[in-house]
Each structure stands twice: as structure tokens, then as C-alpha cells.
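S.K.: Sharing a structure, written as C-alpha cells. Questions coming.
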Amino acid sequence: DLTEQGFAEVFHCRGQFARKYTTLVVEHRPSGKVVATATLLAERKFAHAGASAGHVEDVVVDAAHRGRGLAKELVDALGEQARGSDCYKVVLDCKTSNVPLYEKCGYRTSEQQMRLDIDLGPPQAPGRAEGDEGAPAAKRPRS
């Protein structure tokens with residue numbers, strides 16, 4: 001769970017790298033609520049003559065709004081953004097059950113994902129961590 005302060009910190013950080021991050025949202029106008037979102041991260045590479053690789057992340061559609069094509073619209077729009085950002089490829093990770101959705105968007109199964117989970121411990125309270133001699137407490141993301 002992301003606190004309001006945590007959201008503000010992530011938002012500020014992404015603002016500093018606005019050319020790397022594109023986050024799209026879909027608002028349900030009658031309620032004013034965000035019902036879908038997806039993000040593209042453009043990562044510059046030393047390979048491929050310095051071109052970028054796009055990473056689609058956090059494609060989420062509220063359960064009450066699924067089946068209306070929102071995820072496809074978001075992913076397609078991020079694909080266009082990737083083309084405009086000189087990405088030579090775009091990758092995304094998904095559950096096996098979502099493969100057909102992404103195939104409709106032009107994606108194909110490729111290679112194998114590997115993952116290392118890192119235990120970040122309990123979230124730290126704002127302020128200073130014990131024993132750090134006045135240094136600001138490290139703020140660690142939690143999943």
C-alpha cells in the first residue's frame with residue numbers, strides 16, 4: 001500500500017525523469033475515479049547504437065471496467081509512444097492468462113523472465129533510522 005506521502009515522492013521522482021516515463025490513465029468521468037492505467041519506461045541502451053528499450057509496466061484496469069478494451073487502448077498508445085521515443089523494442093511481463101490480450105496488441109511470447117525478490121524489511125517511519133548518525137532514513141519501496 002502506497003501512502004499519500006509515498007505517492008508524492010514517486011510522482012516527484014518520475015517528474016525528474018519525465019522523458020523516461022509515460023504513465024497513461026483512464027478516468028471514469030461520471031465518478032471522477034481512475035479506472036485504468038499503464039506505464040512505459042524508456043531505457044537507453046549502450047547496445048543498438050544507444051537506442052531505447054521500452055518496458056510496459058503496471059497495466060491495471062478496475063474490475064468493474066474490464067472487457068471494454070481499455071487495456072488494449074492503453075497498451076496500443078504506449079506502443080505509439082515507444083515508437084516516438086526511438087525504442088527498438090517494447091517488452092512487458094504478464095500472467096499467462098493475459099497473454100491473449102497482449103497478443104491482440106501485437107506482442108509475442110519471447111524468451112524467459114527471471115526474477116530476484118529482495119526482502120526490504122518493514123517500512124521505515126519518517127525521520128532518521130536508528131544508528132545512522134544523523135543521515136536521513138532510507139526510504140525503501142515495498143511491493
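The values are calculated or read from the model by the stated rules, or taken from the named source; none is laboratory data. Model, not experiment: these values are computed from the prediction. Every residue, glycine as well, gets a Cβ built from its backbone with ideal geometry; the counts of neighbours run over all protein chains shown.
S.K.: Looking only at residues that are modelled with pLDDT under 95 and charged (D, E, K, R) in the stretch 84-102, which one is farthest from residue 22 (Cα to Cα)?
M.R.: That would be 95.
S.K.: Before we move on, is residue 73 surrounded by 14 or more Cβ atoms within 10 Å (Cβ to Cβ) and of a type in the set (Asp, Glu)? Write out each step before concluding.
M.R.: Values: surrounded by 14 or more Cβ atoms within 10 Å (Cβ to Cβ): yes; of a type in the set (Asp, Glu): yes.
The answer is yes for residue 73.
S.K.: Also: Looking at the stretch 1-41, which of its residues are closer than 15 Å to residue 75 by Cα and either modelled with pLDDT under 95 or among the hydroxyl-bearing types (Ser, Thr, Tyr) (or both)?
M.R.: Matches in the stretch 1-41: 21, 22, 23, 37, 39.
S.K.: Of all the residues that make up the stretch 92-119, how many are more than 22 Å from residue 73 (Cβ to Cβ) and among the charged types (D, E, K, R)?
M.R.: So the answer is 4.
S.K.: Please specify each residue of the stretch 10-33 satisfying the condition of being more than 30 Å from residue 44 (Cα to Cα) and of a type in the set (Lys, Arg).
M.R.: 29, 33
S.K.: Something else now. Please find, within the stretch 16-62, the residue that is nearest to residue 89 (Cα to Cα) out of those that are of a type in the set (Gly, Ala, Ser) and surrounded by 18 or more Cβ atoms within 10 Å (Cβ to Cβ).
M.R.: 54
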